[in-house]
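Novice: Structure in structure tokens, see below.
The values are calculated or read from the model by the stated rules, or taken from the named source; none is laboratory data. Bear in mind that the values here come from a model prediction, so they are computed numbers and not experimental data. All Cβ positions, even for glycine, are placed from backbone atoms using ideal geometry, and neighbour counts span all protein chains on display. Surface accessibility is based on the protein's heavy atoms, side chains included, excluding ligands, DNA and RNA. Shrake-Rupley method; radii C 1.70, N 1.55, O 1.52, S 1.80 Å.
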Amino acid sequence: MSILATEATTLNYAALERAWPAFETKILSLLNTLGLADKGLYCDHVALRVNTIVAADALKQAFSERGRIISDNQINGRSILIIELDNPLRLGSFTIDCVELPYPGDTHYPQEGWEHIELVLPSTAQDCDTLNQDLGQLCPPLLPLLQVQGQSSAPIKVKFSSPKGEKERLANPTIAFKQADVCIKLHPHGIKAVIASEQTER
């Protein structure tokens with residue numbers, strides 16, 4: 001059963017609403033496991049995974065009726081929308097005002113729907129190694145986990161990456177912690193700062 005627990009194969013907004021409580025429970029559990037629940041970090045957005053253009057188009061329309069698209073960028077060859085919501089989502093103590101809606105690419109996801117949140121770790125890091133050090137200082141119990149990043153057999157998988165849109169000028173290295181079908185990512189800059197960097201001339 002996917003995190004959507006939906007009877008339909010086509011993802012829609014109603015299914016996302018039904019799935020939110022279960023997603024929230026899993027994310028908060030992972031946050032506690034990582035020891036990050038009490039660090040006062042800011043959640044800048046929540047991200048979806050979608051397998052079909054039909055579903056992505058429908059969700060684009062649904063979210064556009066509940067907010068506005070503030071970015072439509074190309075990352076790794078596919079369009080990724082950022083929608084700023086009129087009424088932010090609540091996840092535990094977090095207030096989340098942006099949703100990331102990626103159009104499907106080459107990857108087919110085993111489940112569609114809510115997939116991860118992204119947290120802002122205040123840092124001047126320009127690369128993943130420096131961000132890794134900063135995160136280790138913030139939360140020393142994470143150090144053993146951070147040292148085994150990339151091991152696919154670990155219960156919590158850790159991945160370092162530096163995704164970048166074609167217009168972005170702001171380095172935003174990312175550390176991701178994935179457990180089962182949910183994920184928590186950390187980076188030094190919030191999504192709105194990244195979008196603002198797209199407006200800066202080279």
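Novice: Quick test for you: out of 117, 27, 80, pick the one residue that is assigned to a helix (DSSP H, G or I) and either among the basic types (Lys, Arg) or in contact with a strand residue (DSSP E or B) (Cβ under 6 Å, 6 or more places away or on another chain) (or both).
Specialist: 27
Novice: Here's a follow-up. Within the range 34-51, can one find any residue that is crowded, with 20+ Cβ neighbours inside 10 Å, in contact (Cβ under 8 Å) with a residue 40 or more places away in the chain, out of contact with any helix residue (DSSP H, G or I) (no Cβ under 7 Å at 6 or more places or on another chain) and part of a helix (DSSP H, G or I)?
Specialist: There is no residue in the range 34-51 that is crowded, with 20+ Cβ neighbours inside 10 Å, in contact (Cβ under 8 Å) with a residue 40 or more places away in the chain, out of contact with any helix residue (DSSP H, G or I) (no Cβ under 7 Å at 6 or more places or on another chain) and part of a helix (DSSP H, G or I).
Novice: Is it fair to say residue 117 is surrounded by fewer than 18 Cβ atoms within 10 Å (Cβ to Cβ), of a type in the set (A, V, I, L, M) and touching a residue at least 60 places away in the same chain (Cβ under 8 Å)?
Specialist: No, not satisfied.
Novice: Here are some residues: 111, 126, 137, 74. Which one is open to solvent by 10 Å² or more (accessible area, probe 1.4 Å) and in a helix (DSSP H, G or I)?
Specialist: One residue alone meets the criteria, 137.
Novice: Return only the number of the condition from (1) open to solvent by 30 Å² or more (accessible area, probe 1.4 Å); (2) modelled with pLDDT under 95; (3) more than 30 Å from residue 53 (Cβ to Cβ); (4) touching a Pro at 6+ places or on another chain (Cβ under 8 Å) that residue 95 does not satisfy.
Specialist: (2)
Novice: Another question, then. Please tell me if residue 178 is at pLDDT 90 or above, of a type outside the set (Asp, Glu) and either over 23 Å from residue 38 (Cα atoms) or outside any loop (DSSP other than H, G, I, E, B) (or both).
Specialist: yes
Novice: Okay, moving on. Identify, from the list 87, 73, the residue that is modelled with pLDDT under 95 and either among the hydrophobic types (A, V, I, L, M, F, W, C) or over 13 Å from the mean Cα position of the chain (by Cα) (or both).
Specialist: When all the criteria are applied, what remains is 73.
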